[in-house]
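A.B. asks: Pasting in a structure now, in structure tokens, and then I'll have a few things to ask.
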Amino acid sequence: MNLLIDSHAVLWWFSRSAQLSGPARDALGSAQNRVYVSAAVAWELAIKVNLGRLDAGELTANLPRWLFEAGFHRLAISMDHALRAGMLPRHHGDPFDRMLVAQAQALNCPIVSADPVLDSYGVRRIW
């Protein structure tokens with residue numbers, strides 16, 4: 001199954017944090033699943049590190065290598081994704097999460113995320 005992973009889940013996966021739920025950890029670690037990390041996640045992490053709101057400089061600087069080593073796949077933001085995200089109802093004000101919803105809809109795959117607001121978009125969420 002294809003999975004799309006939210007920013008906080010990326011952080012918690014690579015830091016081996018107990019904040020990552022058991023079902024999320026199992027889904028991300030399963031060899032049967034293909035895990036996608038959106039360019040929106042990299043963008044969000046880089047902005048937060050740059051603003052001093054997140055202490056994840058090493059992860060951000062090495063994200064492409066870490067994704068490769070984990071077997072995760074990069075997902076670019078397409079024109080379709082951007083238009084879909086922009087047209088979503090305003091259930092969620094975070095533009096990065098709205099992009100993830102649009103990408104999950106386009107890929108017809110679940111999002112690995114702790115954010116219950118994403119449920120209002122009708123996408124499947126693993127947590």
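What follows is calculated from the coordinates using simple rules that are stated; it is not laboratory data. Worth saying up front: this structure is predicted, and the values here are computed from it rather than measured. Backbone-built Cβ (ideal geometry, glycine too); neighbour counts: all protein chains shown.
A.B. asks: Can you find a residue that is in contact with an Asp or Glu (Cβ under 7 Å, 6 or more places away or on another chain), farther than 12 Å from LEU3 by Cα and acidic (Asp, Glu) anywhere in the stretch 43-57?
C.D. replies: No; the residues of the stretch 43-57 include none that is in contact with an Asp or Glu (Cβ under 7 Å, 6 or more places away or on another chain), farther than 12 Å from LEU3 by Cα and acidic (Asp, Glu).
A.B. asks: Here are the criteria: (1) closer than 18 Å to ILE126 by Cα; (2) assigned to a helix (DSSP H, G or I). Tell me which single one ARG16 does not satisfy.
C.D. replies: (2)
A.B. asks: Of all residues in the stretch 73-88 being of a type in the set (D, E, K, R) and surrounded by 13 or more Cβ atoms within 10 Å (Cβ to Cβ), which is farthest from TYR121 (Cα to Cα)?
C.D. replies: Among residues in the stretch 73-88 that are of a type in the set (D, E, K, R) and surrounded by 13 or more Cβ atoms within 10 Å (Cβ to Cβ), the one farthest from TYR121 (Cα to Cα) is ARG74.
A.B. asks: Follow-up. Only one of these is of a type outside the set (A, V, I, L, M), within 17 Å of VAL123 (Cβ to Cβ), surrounded by fewer than 20 Cβ atoms within 10 Å (Cβ to Cβ) and in contact with a Ser or Thr (Cβ under 6 Å, 6 or more places away or on another chain): HIS91, HIS8. Name it.
C.D. replies: Answer to the selection: HIS91.
A.B. asks: Cβ-Cβ distance below 9 Å, separation of 6 or more or different chains: which pairs start in the stretch 84-100 with a residue that is basic (Lys, Arg) and end on one that is in a loop (DSSP other than H, G, I, E, B)?
C.D. replies: Listed pairs, sorted by first residue: ARG98/LEU88; ARG98/ARG90; ARG98/HIS91; ARG98/HIS92.
A.B. asks: Restricting attention to the stretch 13-24, does a residue exist that is among the polar types (S, T, N, Q), buried (at least 17 other Cβ atoms within 10 Å of the Cβ) and either at negative phi or without any contact (Cβ under 8 Å) to a residue 40 or more places away in the chain (or both)?
C.D. replies: no
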